[in-house]
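Just below is one structure, and these are the notes that go with it.
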């Protein structure tokens, strides 16, 4: 299936590993010119090579609004514009209500909520002017079904989802779609950091490249009437009906 996005330009945040890298690879396979970012120069260079020869590697930390805005601005300069934005970032430290101090929340909100707002503010106005754009944010299944011992992530990503849903309604008439993709358990460095090898062996895990293909479809011309959606990609882990 031709997604109709060959030649488009995409900025994929935190694309040096995990689901961001899988997304960047999927977009590049559709002929999209991709810029990715990461904090580790060596890992970033390896990821760019894995995406393809035209991938632009930008060293950036999107855990703050300034860093997130800077990534988008540098990606725009390198690509000549941004048609597709994939807000994404690592997760905050684990913890529950009892073990997580209130002082830990601002950094988590900056990482997984305010960075999303900043990237959208930097990229979406130009999309509206050209009357074509795609925003597909990578959040978490925890938005639908909060995960134990991840209270910071549960809280921040739920806020980001509300922001993106609101944005989707505001730009729907201008050719810009805004969706979120909510991963369940995928084998990524983040998962390896959260769980022991014994725990991982007992889990049914997804593949980052398969996940990226879902993001690429939401960027396609065929998905132009799909906006404001929260798509869970979780292998059936979510048990609710709604």
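Throughout, read-outs are computed from the coordinates displayed, never taken from laboratory work. Keep in mind that what you see is a predicted model, and the values were worked out from it rather than measured. Neighbour counts are summed over all protein chains in view; Cβ atoms, including those assigned to glycine, are modelled from backbone coordinates with ideal geometry.
What to note about this one:
- Counting neighbouring beta carbons within 10 Å and listing from fewest to most, the residues 119, 147, 1, 127 come out as 1, 147, 127, 119.
- Ordered by the number of other Cβ atoms lying within 10 Å of each residue's own Cβ, fewest first, 71, 211, 97 fall into the sequence 97, 211, 71.
- Computed label-point distance, nm, for sites residue 101 and residue 169 using a 7 Å Cα→Cβ extension: 3.8
- The chain: relative contact order in percent, alpha carbon pairs under 8 Å with at least 6 residues between: 22
- Take the Cα of residue 225, step 7 Å toward its Cβ, do the same at residue 54, and the gap between the two points is 3.0 nm.
- In the chain, the calculated helix contribution to ellipticity at 222 nm averages -13000 deg cm²/dmol per residue, counting -39,500 (n - 2.57) for every DSSP H run with n ≥ 4.
- Packing-based exposure ordering (other Cβ within 10 Å, fewest first) of 46, 234, 221: 221, 46, 234
- Highest-fluctuation residue, 92, 53, 146 considered, GNM on the chain with Cα pairs under 10 Å: 53
- Among 170, 59, 42, residue whose mean-square fluctuation peaks in a GNM of the chain (springs only between Cα atoms under 10 Å): 42
- Just checking the listed ones, 151, 82, 36: in the Gaussian network model of the chain with Cα springs under 10 Å, the one fluctuating most is 151.
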